[in-house]
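Below is one structure, written out as structure tokens; the observations come after it.
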Amino acid sequence: MNRLHLLLLLASLLPTACGGRAAWRTAASEAPAEPTRYTYRIKAVYPHSTTAYTQGLCYADGLLWEGTGEYGRSELRTTDLETGRTQTLARLPESEFGEGIALVDTLVYQLTWESNTCHVYDRRTGEELRRFRYAGEGWGLASDPEGRKLWFTNGSANLYELDLVTFRRTATRTVTLAGEPVRFLNELEWIDGRLWANVYTTDEIVVIDPATGVVEGIVDLTGLLPEAERTPATDVLNGIAYDAATKRIFVTGKRWPHIYEIEPVER
């Protein structure tokens, strides 16, 4: 997702924004119970390349797996947390803008933004094994721990279930917060039975019940990257990874200098 596309999206939402509500919410409606709200505690800080326009993030095999974006610079890479050393496994064609990634068994799936293509790689070698086509844009991608299905976002308020073998949509849910659709759903991660999603242009992560689409929690990461460490090239919060074995949660942003291990703290 680039800045031009962001401006177009925000322009389409001006009537809502002028009403004093957050741009990613619609008009009020009857709502269920309010979600649990969290702030955070930083447990550890690791190096991250400021050239990485982070679109997808996963943790496996002791490494962070990252899909990056931008035309001519999109790739699939791994990063050693302690040293920040990266290894590029695959590069996308210059005509493609990389988006979210998901790891399933020995495979890595990588979306593209406007090219309607998902690349599937061998996790050990980075060799491309096949490609899937899909309609519309690709933003976020995740899989459940058992590798039974994929979850897909396209910048709307919809969360799509995908078949692993055919990449076809098998179910659609509208993600709602207090009864209102949540737009700009972006990077995804499965954490303890819930889907965590970055909300594009905000410092918030929503915690979604995948069975209903209801937002059960909001993690506010405002101030995570200090203003003193931001540059004109620094972009938004994006990227969630989870180490299920140690219960560690990692987050970062596009061209951020750090990856943060965080612990949500209920307000």
Checklist line | Condition check for PHE184: buried (at least 17 other Cβ atoms within 10 Å of the Cβ), at pLDDT 95 or above and either touching a helix residue (DSSP H, G or I) at 6+ places or on another chain (Cβ under 8 Å) or on the phi > 0 side of the Ramachandran plot (or both) | finding: yes
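Just checking: which of the strands (runs of 3 or more DSSP E) contained wholly in segment 52-131 hold 3 or more residues that are farther than 24 Å from GLU261 by Cβ and touching a Lys or Arg at 6+ places or on another chain (Cβ under 8 Å)? I'd like the intermediate steps shown before the answer.
Numbers: elements: 54-60, 63-68, 75-79, 86-91, 98-104, 107-112, 117-122.
Correct list: 117-122.
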Next item on the list: State whether the residues of segment 82-104 include one that is hydrophobic (A, V, I, L, M, F, W, C), over 19 Å from LYS254 (Cα atoms), out of contact with any Gly (no Cβ under 8 Å at 6 or more places or on another chain) and crowded, with 17+ Cβ neighbours inside 10 Å.
Entry: yes
Next item on the list: Could you give me the residue pairs with C-beta distances under 6 Å whose first residue belongs to segment 23-51 and is modelled with pLDDT of 95 or more, whose second residue is basic (Lys, Arg) and surrounded by fewer than 11 Cβ atoms within 10 Å (Cβ to Cβ) wherever it lies, and which are 6+ apart or on separate chains?
Entry: ARG37/ARG267; THR39/ARG267
Next item on the list: Return only the number of the condition from (1) in contact (Cβ under 8 Å) with a residue 60 or more places away in the chain; (2) aliphatic (A, V, I, L, M); (3) open to solvent by 60 Å² or more (accessible area, probe 1.4 Å) that LEU129 does not satisfy.
Entry: (1)
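Suppose we filter segment 65-74 for residues that are open to solvent by 20 Å² or more (accessible area, probe 1.4 Å) and either modelled with pLDDT under 95 or of a type outside the set (Phe, Trp, Tyr) (or both); how many remain?
Total satisfying the criteria: 3.
The values are calculated or read from the model by the stated rules, or taken from the named source; none is laboratory data. This is a predicted model, so every value here is computed, not measured. Don't worry about glycine lacking a Cβ; one is built from the backbone with ideal geometry, like all the others, and counts go over all protein chains shown. Note: accessible area is taken over every heavy atom of the protein model, side chains too, but ligands, DNA and RNA are not part of it. Shrake-Rupley method; radii C 1.70, N 1.55, O 1.52, S 1.80 Å.
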